[in-house]
1. Looking only at strands (runs of 3 or more DSSP E) that lie completely in the range 1-98, which have at least 1 residues being touching a helix residue (DSSP H, G or I) at 6+ places or on another chain (Cβ under 8 Å) and modelled with pLDDT of 70 or more?
2. Would you please name the residue that is surrounded by the fewest Cβ atoms within 10 Å (Cβ to Cβ), looking only at residues in the range 124-136 that are assigned to a strand (DSSP E or B) and touching a helix residue (DSSP H, G or I) at 6+ places or on another chain (Cβ under 8 Å)?
3. Collect the residues in the range 107-123 that are farther than 14 Å from residue 68 by Cβ and either assigned to a loop (DSSP other than H, G, I, E, B) or touching a strand residue (DSSP E or B) at 6+ places or on another chain (Cβ under 6 Å) (or both), keeping them in residue-number order.
4. Can you confirm whether residue 141 is at pLDDT below 85 and either outside any loop (DSSP other than H, G, I, E, B) or over 30 Å from residue 69 (Cβ atoms) (or both)?
């Protein structure tokens, strides 16, 4: 912007001459607030605040679906929709039965009180209720790569009586034992070629298996259906 100012120039003691000087006034252009760093920073802070609040609200409302007893369930009682329901809870659910994972023909392993969340240890399959865990030593022949859950046949071969020319025929003790795990560092001394395992046995098979474990002879575990 240009303007004119007036200045006085003294020529002599009695004469004063007025002259005009041209001056320039600079006016800066107005900046847009969209490019103002303070405005941009403020918008970012507001957006981050909204996102954080939304995350906290969502986390507070979310949960994991697990089973809860709607009535007291005594040991051995079947578990179904009449005495259980799926609820959402905020906890570490690894120890609890998640929604949709209730075992078929599930029964209570112990008494589950009304309102209690169902743990995996408290619920079993009705078939497993008639089984027991047993640790035993078996002879060589069971591969150490046999996976847990493999069905096993248990056989017993008695030692030959003194003076006998033939060894007694093998006797099958169980046809559907389930391998749970190989037992290591048990503190029990095993002879070379022997392996200690934990199996799940039908109750009906336990008497003859225990008798064989206390008899003179060898116990063998044979995987079923493995090539």
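1. Once the strands (runs of 3 or more DSSP E) in the range 1-98 are filtered for at least 1 residues that are touching a helix residue (DSSP H, G or I) at 6+ places or on another chain (Cβ under 8 Å) and modelled with pLDDT of 70 or more, what remains is 64-69.
2. So the residue we want is 132.
3. 107, 109, 110, 111
4. yes
The values are calculated or read from the model by the stated rules, or taken from the named source; none is laboratory data. Worth saying up front: this structure is predicted, and the values here are computed from it rather than measured. Glycine gets a Cβ as well: all are built from the backbone with ideal geometry, and neighbour counts include every protein chain shown.
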